[in-house]
Amino acid sequence: MKKILALFIIVLPVALAGINVELDLGHLEFLRDEFDIEGSVEAGYWIYADRQPDGSYRHAQAPGEGVTCVDDVARAAILYLRLFEKSAEESHYLKAREALDFLLAMQDVDGDFFNFIFADGKINRNGPTSRKGGNWWTARGLWALSTGAWVLSQRDPSYSMELARASHKAFRVLLNYERDGLIQGYTDISSVALLGAVELYRISNDLEVLNFIKRCSGSLRSKLITDNDSIFRGLVDENAPQENVPHWHGWGSRQLEALAMTALALEDDEMLGLAADAFKDGAMLLLSAGPVYSLSGFVQLFPQIAYAAEAAISTGYTLFSITNDREIATITALLGSWFIGLNSLGQSMIGPNGEGYDGMEFSHINRNAGAESTISMLLSLERLSRLPDEYEKYFSGTIELLTPAKVIEAEAMRTGLSEVDTFQGTEISGNAALKVSGVFSLRESVALPPVPYSAFAGVGNVQTGPVSFTLRLGESRSEVTLSIARNSIFKVGGITGTGQDSTLTLGGKVGSGSFDLDQLVFLPDLIALYIPESDETLVLNHRAVPGYEEGMTALPGRIVSTERKIVQVPTVAVDLIENLDQVHLDLRALFDNDGLATADERKSSNFDNPQGIFGASYPAQELEKSLIDGRLEISGVEFAITTKGRDNMRLTGQAVTFVPEVFSRICILGSANHGDYTGQAMLVYEDGTTQNISVSFSDWCGGPSMGEDIAFTFPSRYDNTGNIERIKCMLYYRCIETLDRPLKTIVFPQIPNVHIFAITLRRK
């Protein structure tokens, strides 16, 4: 262990002059506020911040929970302690101390913590996310207080001792909830408790703390998944003790970080090696798919959140600081690049004033920016700033992932004559799955790069014996017969991508009974990333893929290419439907979404779920009561509306042309799903003049916040299974004056979360 400790001491000073990363604390300061906690004024951070149409933010509470919480303030304390440790700036010390004071104020006399306070300053003592009971906030409180006791031991010895005493009390609370070395029996919360215990042991040398560290780290090691054929390889099982299939979530997964710190404390080279190897293995998933939300019986890719990214980045930095492993540092920087564009949307997850956005969904970013997301982002950047500057080229939003993971929803595949039925549900991916029996052959067109991929199937209910699977793509073919477990993900074979669109076939036979197929997941057996700055491809090969050197290598140029199908955005000539002094654009040829569900369509419509084939929708019958001859009239404007079949278009850059004519204004009927969205369409006039107009719309169930007006209010909506939800939803409209010249074309922006139902032009 002397070797490990020496590395830790040597590496850290080098890392201090590291990657040039700017930490903008502006939004965090906006979230900071003073709260009267039952007579004691303490500084905390608003749990939510909602983005306004003008780009500003307003504080928001968590309904029924409170306005600020121990979970977030503990994160802030660790952030400012790390900043103070690095800079020795008095401002960082003061911010760390006030956060620690908040934690002390929320700690009860028995050492346990309440989590939330309400807006009136009262402590939320009974809510399920706030009450005492050795919960997450107790573990985070322990971690922050014990870290403070260590970091501030020289700056403020008496305060350090106060924090140490409070840490011991919190530690003894958690011991009451220990089961076989794990707090509450789970590895996720235990990892946070273990990090706190390691810090506490640094300052106390308490034998009771040391014994817990040994028990807990041993239990975490026993839950480490090393199966080469498992999608969970390199991860630590987080399932309930009584469950026999693995479960893992990206958020809060600090098990490997805790094992690394434990290895340092216990002088355990073997444990350190296990954690380092596991981190590299798990990175195959996180680099190819992003900071995955969870793995259970299916892969939940979204939402991808800063909290999950931070856990992986902090783990990587901790391991590098101890081992000085170049590959770990590289992976850590690459994981950090998710924040600045190395993600599925190619967009930054950081706002202009230091906002950490609340999450990335399949087709959009949630630009609200609460405490958890903002602090997690800042914690990530702080860790990245300590990596040596030689790794700066791997922290870049211009890096291109050449070998992405691919997730296919089974219900979206072509089933042909297969013995399958599609069914809906709320606890499955995409809200739908296939019940498979007998002989089956499922097909889907995919474009995978020409490298080996491992194929996994996510299944729900299983009522069958062994199932045979045959997987085909191009010249690749694999066959396997397996006994499968319910609510699990298992490997069904391997294929090599063709580098172009090709038909993927999953065939097989169920001897008797059936099983529920939810997803197919394809993970690359190696990771390839193109680095434009150095014109090289970085290859991570941990599966011994032939033709590539094992481990990490850099090869000149772009070594992997995939032909991308060019989607032609349509320019469609549409008819003008006359209606006195108003003209309706006939958009039916462009409609690609069924958002107004009739009674017959309520189980198959899908307004708000671009990932799946079923989703929530408006009840068409409510709107039909207000239609006259298929038209909705609002303040003198009439909109021609279709309520059967496809009734709206998602904005994907389409353009419509029509016979040029002079109009005085254009009115647009629309709404958005999963948040408020702003964008501009372009009006093109016959003389070549252009005019940009707003197509900004608010969330369909959120109320108007983008400057539009309500066209119609629905008292309820259908959920993704066709049942009525008592949630009020709306259609909106906006009208814009046009130029005094013949209009011939409208070009729409690419905002797929915005839906257009109708457009009306008024004649002069």
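The values are calculated or read from the model by the stated rules, or taken from the named source; none is laboratory data. Treat the numbers as computed from the prediction; the structure is a model and nothing was measured. A quick note on method: Cβ atoms are made from the backbone with ideal geometry, for glycine too, and the neighbour counts reach across all protein chains shown.
Count of the range 622-641 residues, restricted to those that are over 13 Å from Phe757 (Cα atoms) and surrounded by 14 or more Cβ atoms within 10 Å (Cβ to Cβ), is 5. Filtered by the rule that a residue be surrounded by 13 or more Cβ atoms within 10 Å (Cβ to Cβ), under 25 Å from the mean Cα position of the chain (by Cα) and modelled with pLDDT under 95, the range 24-56 gives Asp50, Arg51, Pro53. Take Thr503 and decide whether it is at pLDDT 95 or above and surrounded by fewer than 19 Cβ atoms within 10 Å (Cβ to Cβ). Taking the combined requirement at face value, the residue satisfies it. The condition of being closer than 23 Å to Phe423 by Cβ, buried (at least 21 other Cβ atoms within 10 Å of the Cβ), within 29 Å of the chain's Cα centre (by Cα) and free of Cβ contacts under 8 Å to residues at least 60 places away in the same chain holds for only one of Val459, Val467, Val492, Val521, that being Val492.
Every condition in (1) crowded, with 21+ Cβ neighbours inside 10 Å; (2) in a strand (DSSP E or B) is met by Asp71 except one, and the failing one is (2).
Mind checking which residues of the range 633-660 are in a loop (DSSP other than H, G, I, E, B), farther than 24 Å from Asn723 by Cα and small (Gly, Ala, Ser)?
Ser635, Gly636, Gly653
For Ser191, which of the numbered conditions (1) over 13 Å from Ala260 (Cα atoms); (2) within 23 Å of the chain's Cα centre (by Cα); (3) crowded, with 24+ Cβ neighbours inside 10 Å fails to hold? Among (1) over 13 Å from Ala260 (Cα atoms); (2) within 23 Å of the chain's Cα centre (by Cα); (3) crowded, with 24+ Cβ neighbours inside 10 Å, the lone unmet condition for Ser191 is (1).
Go through the residues of the range 704-716 one by one and say whether even a single one is closer than 28 Å to Gln52 by Cα, free of Cβ contacts under 8 Å to residues at least 24 places away in the same chain and either of a type in the set (S, T, N, Q) or surrounded by fewer than 21 Cβ atoms within 10 Å (Cβ to Cβ) (or both).
Yes: the range 704-716 contains one or more residues that are closer than 28 Å to Gln52 by Cα, free of Cβ contacts under 8 Å to residues at least 24 places away in the same chain and either of a type in the set (S, T, N, Q) or surrounded by fewer than 21 Cβ atoms within 10 Å (Cβ to Cβ) (or both).
Contact map, the range 202-214: first residue among the small types (Gly, Ala, Ser), second residue modelled with pLDDT of 95 or more, Cβ cut-off under 8 Å, separation 6 or more or different chains; pairs are Ser204/Ala164; Ser204/His168.
Rundown of residues vs (1) surrounded by 19 or more Cβ atoms within 10 Å (Cβ to Cβ); (2) at pLDDT 95 or above; (3) touching a Phe, Trp or Tyr at 6+ places or on another chain (Cβ under 8 Å), yes/no style:
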| site | (1), (2), (3) |
| --- | --- |
| Arg202 | no, yes, yes |
| Leu207 | no, yes, no |
| Phe212 | yes, yes, yes |
| Cys216 | yes, yes, no |
| Leu224 | yes, yes, no |
| Arg233 | yes, yes, no |
| Val236 | yes, yes, yes |
| Ala240 | no, no, yes |
| Asn244 | no, no, no |
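Taken over the range 85-99, the criterion of being hydrophobic (A, V, I, L, M, F, W, C) and either touching a strand residue (DSSP E or B) at 6+ places or on another chain (Cβ under 8 Å) or part of a loop (DSSP other than H, G, I, E, B) (or both) is satisfied by Ala88, Ala99. Residue-level check: of (1) modelled with pLDDT of 95 or more; (2) part of a loop (DSSP other than H, G, I, E, B); (3) crowded, with 18+ Cβ neighbours inside 10 Å, Ser344 misses just (1).
Counting only strands (runs of 3 or more DSSP E) that sit wholly inside the range 517-632, those with at least 2 residues that are within 30 Å of Phe658 (Cα to Cα) are 571-573, 576-579, 582-585. Taking Val198 as the residue in question, decide whether it is touching a residue at least 24 places away in the same chain (Cβ under 8 Å), in contact with a His (Cβ under 9 Å, 6 or more places away or on another chain) and of a type in the set (Val, Ile, Thr). Taking the combined requirement at face value, the residue does not satisfy it.
Of the residues making up the range 83-138, those that are small (Gly, Ala, Ser) and closer than 25 Å to Ser160 by Cα are Ser87, Ala88, Ser91, Ala96, Ala99, Ala105, Gly111, Gly134.
Against the definition (assigned by TED's automatic domain parsing to the domain that holds Leu79, more than 27 Å from the chain's Cα centre (by Cα) and surrounded by fewer than 19 Cβ atoms within 10 Å (Cβ to Cβ)), how does Leu163 come out, yes or no? It is false that Leu163 is assigned by TED's automatic domain parsing to the domain that holds Leu79, more than 27 Å from the chain's Cα centre (by Cα) and surrounded by fewer than 19 Cβ atoms within 10 Å (Cβ to Cβ).
Looking only at residues in the range 249-304 that are outside any loop (DSSP other than H, G, I, E, B) and among the polar types (S, T, N, Q), the one that is surrounded by the fewest Cβ atoms within 10 Å (Cβ to Cβ) is Ser294. Which number in (1) surrounded by fewer than 18 Cβ atoms within 10 Å (Cβ to Cβ); (2) hydroxyl-bearing (Ser, Thr, Tyr); (3) in contact with a Gly (Cβ under 7 Å, 6 or more places away or on another chain) marks the one condition that Ser617 misses? Looking at each condition in turn, Ser617 falls short on (1). Restricted to the range 669-764, the set of strands (runs of 3 or more DSSP E) holding at least 3 residues that are under 25 Å from Gly359 (Cβ atoms) and modelled with pLDDT of 95 or more comprises 729-737. Here is a check on your reading of the model: is Leu235 hydrophobic (A, V, I, L, M, F, W, C) and under 17 Å from Asp188 (Cα atoms)? Against the criterion (hydrophobic (A, V, I, L, M, F, W, C) and under 17 Å from Asp188 (Cα atoms)), Leu235 qualifies. Of the candidates Ile727, Ile666, Ile693, Ile746, the single residue that is surrounded by fewer than 15 Cβ atoms within 10 Å (Cβ to Cβ), touching a residue at least 12 places away in the same chain (Cβ under 8 Å) and assigned by TED's automatic domain parsing to the domain that holds Leu627 is Ile727.
Condition (residue is touching a Pro at 6+ places or on another chain (Cβ under 9 Å) and within 26 Å of Ala240 (Cα to Cα)) applied to the range 502-514: is it met by at least one residue? No: zero hits.
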